[in-house]
C-alpha cells in the first residue's frame, strides 16, 4: 500500500499546564492525518496500539454523516507516517440496499485478537452492531458478522479488559430523540458471547457514549455525554457487574462525545468539549480540552487542544501507548482527523 507521510503542523516544546500541579504535559506532536482523503467528510475516530510503535486508526467517512456512501476506513500510524485510508467495512446489505456505517471502535484483547466494532443502519435509533476481527494486527480482517439482537458493541469508546480476562464494552441506546440510556456489554469468553448489564435505566438523565475508568481491582467509573450540560458519572464496586446511579461531574459539556483512559500510573485523563450548551449547542464543539484526575471526583484541565469559535473539534479518542505517550485523535471540522501526542514531564 502506498504510504502518505504525515504533515506535521506543530512541534510544541513548552509544557501545557493549566494548574499548579507538580507535573506538566507537553504537546510533542500535532498533525492532520489525511492528505487527499477518498471521502469528503469524516468523523468518529478510534485508536488502538497493536504492537509497540504501531497504531491503527479508524473513522467513518463519506459524502456526509448518515449518507449511504459512508464506510469505515482504516490507516496505520507508525514511525514512517500514516498509510492511505483503506476501506475495510461498508453497509451494503444487497445489490439494491445499502445503509451508512457509524462509529467504529478498535480494541485488542490480551489474547492478541483485534476487534473492529461498528454500527450499520439508517440512523442511531435503528442501527445494529457489526464486528470484524483480525489475528494479524490489522493486516487482514474476517468477514463482517452481525452482533446478536440487543448487543450493539461499544457505541463510541473502547472496551477494557480486566485482570481476570473479562471484557467490558461501554455501550448505549438512543431509544428516541429524548430517551438515552447507557449499559455495559460483558464477555467472559473473549468476545464470543455478551451479557447485557443496564446502568441506572430509571434515571431522568439522558446519557450515551460511556467510557470506562479503572481504580484498583474492582472499582470502576463510567463517564458519559449527557443532555444535562455536564459529563455524567456512575460507579461500580464489583468489577462492572452492577452499577450505581448517575450523577453530575464537575465537567461541563455541551452534549458532545468524550473519551477517557486510565494511565499506567493510575491517573485518569478525559478529553472533552468544555462549553455550556446554549441556543446554538453545536458551537460548543469549537473548544476541546484534556483534564486529569486521581480519584475521578476532582478534575483539573491540563491541556488545551482547540480554542475556536465556530469550528467543530469533537468525538475524541484517547489511548496510552506502550512507551507511555498519550495519543489523542478527534474530528477536525469534519474535513479531517487530527492527531495529538502528549508527554508527561516534571516541572
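The values are calculated or read from the model by the stated rules, or taken from the named source; none is laboratory data. It should be emphasised that the depicted structure is a prediction, and the values quoted were computed from it without experimental measurement. Backbone-built Cβ (ideal geometry, glycine too); neighbour counts: all protein chains shown.
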Scope segment 28-39; condition in contact (Cβ under 8 Å) with a residue 40 or more places away in the chain and either in a loop (DSSP other than H, G, I, E, B) or over 19 Å from the mean Cα position of the chain (by Cα) (or both); matching residues: 28, 29, 33, 34, 37, 38, 39
Just to check your reading of the model, which residue among 176, 253 is at pLDDT below 95 and in contact with a strand residue (DSSP E or B) (Cβ under 6 Å, 6 or more places away or on another chain)? 253
Can you tell me which residue is surrounded by the fewest Cβ atoms within 10 Å (Cβ to Cβ) among those in segment 204-229 that are in contact with a strand residue (DSSP E or B) (Cβ under 8 Å, 6 or more places away or on another chain) and part of a loop (DSSP other than H, G, I, E, B)? 218
Could you run through segment 296-330 and say how many residues are part of a strand (DSSP E or B) and modelled with pLDDT of 95 or more? 20
Within segment 311-339, residues over 16 Å from the mean Cα position of the chain (by Cα) and within 18 Å of residue 28 (Cβ to Cβ) come out as 322, 323, 324, 325
Tell me, please, whether a residue that is more than 21 Å from the chain's Cα centre (by Cα), loosely packed, with under 15 Cβ neighbours inside 10 Å and under 16 Å from residue 159 (Cα atoms) can be found in segment 181-190. yes
Can residue 242 be described as more than 23 Å from residue 343 (Cα to Cα), at pLDDT 95 or above, part of a loop (DSSP other than H, G, I, E, B) and touching a strand residue (DSSP E or B) at 6+ places or on another chain (Cβ under 7 Å)? yes
Scope segment 184-203; condition over 14 Å from residue 233 (Cα atoms) and assigned to a loop (DSSP other than H, G, I, E, B); matching residues: 188, 189, 190, 191, 192, 193, 194, 202
List pairs: first in segment 230-247 and on the phi > 0 side of the Ramachandran plot and buried (at least 21 other Cβ atoms within 10 Å of the Cβ), second in a loop (DSSP other than H, G, I, E, B) and at pLDDT 95 or above, Cβ under 8 Å, 6+ apart or cross-chain? 240/162; 240/166
Options 162, 147, 168: the member that is touching a strand residue (DSSP E or B) at 6+ places or on another chain (Cβ under 8 Å) and farther than 26 Å from residue 59 by Cβ: 162
